[in-house]
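A.B. asks: Here's a structure for you.
The values are calculated or read from the model by the stated rules, or taken from the named source; none is laboratory data. Computed from a predicted model, the values in this text were never measured in an experiment. Heads up, the Cβs are rebuilt from the backbone with ideal geometry, glycines too, and the neighbour counts pull from every protein chain shown.
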Amino acid sequence: MTENPVGEPRVIATDAALDLLAEIRRDHPDILFHQSGGCCDGSSPMCYPASEYRVGETDVKLGEIGGVPFYISGSQYEVWKHTQLIIDVVPGRGGMFSLDNGRERRFLTRSRLFGSGEPACGIPAAPRP
């Protein structure tokens, strides 16, 4: 298993995720993502106004999707560091405080092991950075 092959971004997004992201940015231009570690809204990518979310000292910036920074907690990073996160969209409600809430679509994290060529969830992805 390779931790991160050269040139492979740590986080990417599907076209559906980028479309929802663009919709949200029309209402909230300056936003960020944080990969939730569980608790009330499960393990979901959460989208917040940048001015209303404080990035923690141990949070790791994985990269950007659609020009939006994407963070994960340091402890979660240790678990996920061998994977590429693929941000997708499915029907449903977003997390209680996430900006995708109320849009009847929500962000979902899929993943694949670096170097495997296939998403770990077995669903082929056509992602873009």
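A.B. asks: Can you pull out the residues in the stretch 50-74 that are out of contact with any helix residue (DSSP H, G or I) (no Cβ under 8 Å at 6 or more places or on another chain), assigned to a loop (DSSP other than H, G, I, E, B) and within 19 Å of L20 (Cβ to Cβ)?
C.D. replies: If the condition is that a residue be out of contact with any helix residue (DSSP H, G or I) (no Cβ under 8 Å at 6 or more places or on another chain), assigned to a loop (DSSP other than H, G, I, E, B) and within 19 Å of L20 (Cβ to Cβ), then Y53, G67 are the ones that fit.
A.B. asks: May I ask you to verify whether F33 is among the hydrophobic types (A, V, I, L, M, F, W, C) and either assigned to a strand (DSSP E or B) or at pLDDT 90 or above (or both)?
C.D. replies: So F33 fits the description; yes.
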